Amino acid sequence: MKVLLVNGSSNKKGSTFNALSMVEKSLKTEGIESEVIQVGNTPIRDCSGCMGCYTQTPGLCVFKDDMINDIIYKAEKSDGFIFGSPVYYAHPTGRILSLLDRLFFAGRHAFAYKPGSAVVVARRSGTTSSFDVLNKYFTINNMPIVSSQYWNNIYAKHPEDLEYDLEGQQTLSLLGKNMAWLLKCIEIGKNNGVNIPQNESRIFTNFINHNKDANPSVRAH
């Protein structure tokens, strides 16, 4: 079993990397393989809504000038995911959001029904709002969310500051253990005939009234 950890910070060896390393250490203690992907500071385009991942390159992004498709390939062979981000203006980085928009639109098959979790790092505040944004990617894609004893955040201005947030360290260590526990439970289930739910064809409902007999004087407020 393998967990893919994605560092959404431009700083490859900063506070977010160190926070993910705490989770990775806990995973290894539980016998779970892991890999950290560094998003780094190279340009990552946002999703253009071109639908090329449906019409031209099914399951992959049509744009091949960054790491998106490489991550999709890795995700197909992974069993769980942890995405980390520093907090910018009470929000995850624009870099990781552009990455996640494209990963979960083009490569949603590689993540569905696999456990996911988010880790956020801040100097002071904005962690819970950032945590909420990242979790929405999991909840729209049939992914179990792995939790801990508190929201998965830790505080630091500089990487060395992480050592002073003892509760944050414990939270991230337990997150790794909980991820390992859930992966092992899923594996046992698979080996005993517990299969992924078979979904019906998805229904898309737009909140626009196309009824020709609708009263044209009625307007949405």
Semi-axes of the equivalent ellipsoid for segment 1-138, Cα gyration tensor, largest first, Å: 23, 18, 13
Extension gain (nm, one decimal) between D132 and S201, 0.36 nm per residue minus Cα-Cα: 22.0 nm
Cleavage-rule hits, chymotrypsin sites (Phe, Trp or Tyr not before Pro), segment 55-109, DSSP coil, Cβ neighbours within 10 Å at most 11: Y89
For the chain, calculated [θ]222 nm from helices alone, where every DSSP H run of n ≥ 4 adds -39500 (n - 2.57): -11500 deg cm²/dmol
Spatial separation of Cα centroids for segment 172-205 and segment 44-71, in angstrom: 26 Å
Karplus-derived HN-Hα couplings along segment 140-146 (A = 6.51, B = -1.76, C = 1.60, θ = phi - 60°), whole Hz, x at Gly and Pro: 9, 10, 6, 9, x, 9, 8
Over 22 Å between alpha carbons, listed pairs K28/K136; K28/K157; K77/K114; K28/K77; K25/K74; K25/K64: K28/K136; K28/K157; K25/K64
Relative contact order computed over segment 2-191 (Cα-Cα under 8 Å; 6+ residues apart), in percent: 26 percent
Percent RCO, i.e. relative contact order, over segment 35-132, from Cα pairs under 8 Å lying at least 6 residues apart: 33 percent
For q = 0.16, 0.22 Å⁻¹, Debye-computed log10 I/I(0) when each Cα of segment 71-221 counts as one equal scatterer: -0.95, -1.42
Amide H contacts under 5 Å for L5, placed H, 5+ residues apart: E35, V36, I37, I82
In sequence order, calculated HN-Hα J values of segment 21-36 (Karplus, 6.51, -1.76, 1.60; Hz; x Gly/Pro): 5, 5, 5, 4, 4, 5, 4, 5, 4, 8, x, 9, 6, 8, 8, 9
Farthest positive-ward along the chain dipole, Cα basis, beta-carbon charges - from H109, N195, L175: H109
Extended-chain gain in nm, criterion 0.36 nm per residue less alpha-carbon gap, Y150 and Q170: 6.3 nm
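Here, each number is a calculation from the coordinates, and none is a lab measurement. Given the structure is predicted, the values throughout are model-derived calculations rather than measurements. Heads up, the Cβs are rebuilt from the backbone with ideal geometry, glycines too, and the neighbour counts pull from every protein chain shown.
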